[in-house]
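Below: the structure, in structure tokens.
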Amino acid sequence: MRLRPDEVAALETVLVTLEPASVSDALREGLRRPAREAEEIKAAREIRGFYGEGGAPLPDGVTAPTDEELRAVDEMEW
């Protein structure tokens with residue numbers, strides 16, 4: 001795999017900051033996140049395909065969030 005100069009610099013920062021056991025470990029970790037995200041997207045598409053655009057039903061006793069609650073969550077910082 002060929003890396004651009006900016007990608008090499010980013011990799012060097014990762015190596016110095018996170019101190020993985022090897023460059024291979026750093027690159028493997030770099031693949032884990034998009035792989036996990038792809039699986040989440042795939043699952044969301046399957047759920048949407050099954051339930052349609054209305055989404056999955058809420059569990060008994062759970063109320064749908066209000067628009068205000070959804071906005072508040074969108075504004076949260078982790």
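The values are calculated or read from the model by the stated rules, or taken from the named source; none is laboratory data. Please read all numbers here as calculations on a predicted model, not as lab measurements. Here Cβ is always computed from backbone atoms with ideal geometry, including for glycine, and neighbour counts include all displayed protein chains. Side chains included, ligands, DNA and RNA excluded: accessible areas come from the protein's heavy atoms. Shrake-Rupley method; radii C 1.70, N 1.55, O 1.52, S 1.80 Å.
Overview of results
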quantity: Segments 36-43, 60-67 sorted - mean Cβ within 10 Å per residue, highest first; calculated: 36-43, 60-67
quantity: Projected label distance in nm at Ala10 and Ala38, using a 7 Å step from Cα toward the beta-carbon; calculated: 1.7 nm
quantity: Dipole magnitude of the chain about its Cα centre (Cβ charges: Lys, Arg +1; Asp, Glu -1), debye to nearest 20; calculated: 560 debye
quantity: Rounded to 10°, Cα long-axis angle of helix 5-18 versus longest principal axis of the chain; calculated: 80 degrees
quantity: Label-point separation, Val62 to Glu29 (7 Å along Cα→Cβ), nm; calculated: 3.2 nm
quantity: The range 36-78: C-alpha gyration tensor shape, a/c 1.5 cut-off, then a/b vs b/c; calculated: oblate
quantity: Pairwise centroid distance, computed over Cα atoms, of the range 1-45 with the range 49-73, Å; calculated: 33 Å
quantity: Average accessible area per residue (Å²) across the chain - probe 1.4 Å, nucleic acids and ligands excluded; calculated: 95 Å²
quantity: Percent of C-alpha pairs per 5 Å bin, the chain, short to long; calculated: 3, 11, 11, 13, 15, 12, 10, 9, 12, 5, 1
